[in-house]
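Here is the structure we will look at.
The values are calculated or read from the model by the stated rules, or taken from the named source; none is laboratory data. These numbers were taken from a predicted model, which means no experiment stands behind them. No Cβ is skipped: glycine too gets one built from the backbone with ideal geometry, and neighbour counts run over all protein chains shown. Calculation scope for accessible area: heavy atoms of the full protein, side chains included, ligands and nucleic acids excluded. Shrake-Rupley method; radii C 1.70, N 1.55, O 1.52, S 1.80 Å.
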Amino acid sequence: MGDIKFNLSLGPCLVGKNLNTIAIRGNASLGLLASISHADKYDQFSNEAGVQRSPAEKHAREALAYALEASSVDPFSDPRAFTEVILNGRDTSPFVFRDLLSKQELTAENVLTGKYSIVDVSINVAKLDLTPFKEHLDIQISRVDGNHRLLMAQRIVEQGDLSEEEFPIVPFSLFLGLTPEQERKIFVDINGNHKNMSKSLLINFQTKRNLDSDRASSEDLASWIAMRLSDREMAFGGMVNLGGDLTGYRLRHNTRPPLTLVGITNAMKDFVAASAYTRFNNPDSPALLLRIVNDFFIALRDQFPDGFERHHEYVFLKALGLTTFAKLAGTVYSNVDVSMENYSPDLGQRCVKVLLESLDFGKFKWSGYSSRSGMTVLFMRMQKALDEAGMHEYSRVRSAI
């Protein structure tokens, strides 16, 4: 252990249960908490194991201003407070713990037993890597929640504009030894109903641990299908904003992705509803439904590549086209007794060919039809096109029973 002058003190802290976890809770300078921790940002290309969403710079600046101005306003008329900044010591080796009563030095394992209610917490700087822009595997103290509050404070400390001690005191909660997956679970639980959280990122994080069986709800199934369609080798591979930092995507594609995970999920809800008969009659329906809708959109992409490559000019990847084609895919295959054993993409390919030959899917043709009523109009015209091509037996929605 290094000499005390090489330790950063987090002060006396309470140790206790937070639901089913052990948490160390205390108060420390916002600048100090920012300096010792790093955000593990999720990036769908460069850091799929990340935990944090891409920060909103404006929100981060406002959060810091709110904190820094707190000392200059009247606490009676303008009381200000932060919820706890939540950190996780992925690497517990830099921490030094002492029982406040006996002065006995404790290990992280001792603390996690919950037998010591008050401990003095400090950090051995010699064991802490303070290098900025750390990679996922190198992060020792991770920010589970509160990154917006810490982001600008970290920059100001690094620039030397303020010292760590000049920042206001805020509450913090410290976990020890959680895995990134456990961090992600807590992050989603905390931010699941947060107004500013990306719905695509929420679906992304939740879906990875949901569909464990064939008894998933329709909503979980729609999210799972949407996630799988976003895989690299699938119909929408490389085209979807999964809700994280888009820096990696822009560097690779020089543009924003044309689809969002939440948009695909909404379309898949219509697909799952239209596939009620297929789902009810197939025990392996998740895999079958994924195969059906994936092949249907691949047929659309292969037969009319301009609709994907110049997606701004057509409705295929907009809510109108995405939802309506998904619903039709479910409808068509619900009208045949399809299973994994007898499934063939030929029927879907024939339907797509008829639709492309019969209807104009240009963006301007469907201007003003983006609402649910517009989707109904387009779906009815698709049904009519199939009817006129002698495929009427596939164009009507079939109930589960």
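Let's see how each residue does on (1) modelled with pLDDT under 95; (2) part of a helix (DSSP H, G or I); (3) more than 25 Å from Ile156 (Cα to Cα); (4) β-branched (Val, Ile, Thr):
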| position | (1), (2), (3), (4) |
| --- | --- |
| Pro55 | yes, no, no, no |
| Asp91 | no, no, yes, no |
| Ser102 | yes, no, yes, no |
| Ser122 | no, no, no, no |
Next on the checklist: Taking the criterion of being closer than 19 Å to Cys351 by Cβ, touching a Gly at 6+ places or on another chain (Cβ under 8 Å) and open to solvent by 20 Å² or more (accessible area, probe 1.4 Å), would at least one residue in segment 216-236 satisfy it?
Outcome noted: no
Item to check | Every residue from segment 87-110 that is of a type in the set (Lys, Arg) and farther than 16 Å from Gly16 by Cα | outcome: Arg90, Lys103
Checklist entry - For segment 70-89, which residues satisfy the criterion of being of a type in the set (Gly, Ala, Ser), more than 17 Å from Leu33 (Cβ to Cβ) and either free of Cβ contacts under 8 Å to residues at least 12 places away in the same chain or assigned to a loop (DSSP other than H, G, I, E, B) (or both)? => result Ser72, Ser77
Next on the checklist: Going residue by residue through segment 304-315, is there one that turns out to be open to solvent by less than 10 Å² (accessible area, probe 1.4 Å), more than 13 Å from Leu355 (Cβ to Cβ) and of a type outside the set (Lys, Arg)?
Outcome noted: no
Next on the checklist: Looking at segment 296-338 only, could you name the residues that are charged (D, E, K, R), modelled with pLDDT of 95 or more and closer than 21 Å to Glu393 by Cα?
Outcome noted: Lys327
Checklist entry - From the set of residues in segment 316-357 that are touching an Asp or Glu at 6+ places or on another chain (Cβ under 7 Å) and not in a helix (DSSP H, G or I), which is surrounded by the fewest Cβ atoms within 10 Å (Cβ to Cβ)? => result Met340
Checklist entry - In segment 131-158, which residues are of a type outside the set (Phe, Trp, Tyr), open to solvent by 50 Å² or more (accessible area, probe 1.4 Å) and more than 17 Å from Ser29 (Cα to Cα)? => result Thr131, Pro132, Glu135, Leu137, Asp138
Next on the checklist: Quick check on my filter: what residues within segment 283-294 are open to solvent by 40 Å² or more (accessible area, probe 1.4 Å) and either in a helix (DSSP H, G or I) or of a type outside the set (D, E, K, R) (or both)?
Outcome noted: Pro283, Ala287, Arg291
Checklist outcome for this item: Among (1) at pLDDT 90 or above; (2) open to solvent by 40 Å² or more (accessible area, probe 1.4 Å), Arg209 falls short only on (1)
Checklist outcome for this item: Across segment 370-401, the tally of residues that are surrounded by fewer than 17 Cβ atoms within 10 Å (Cβ to Cβ) and within 18 Å of Phe316 (Cα to Cα) stands at 8
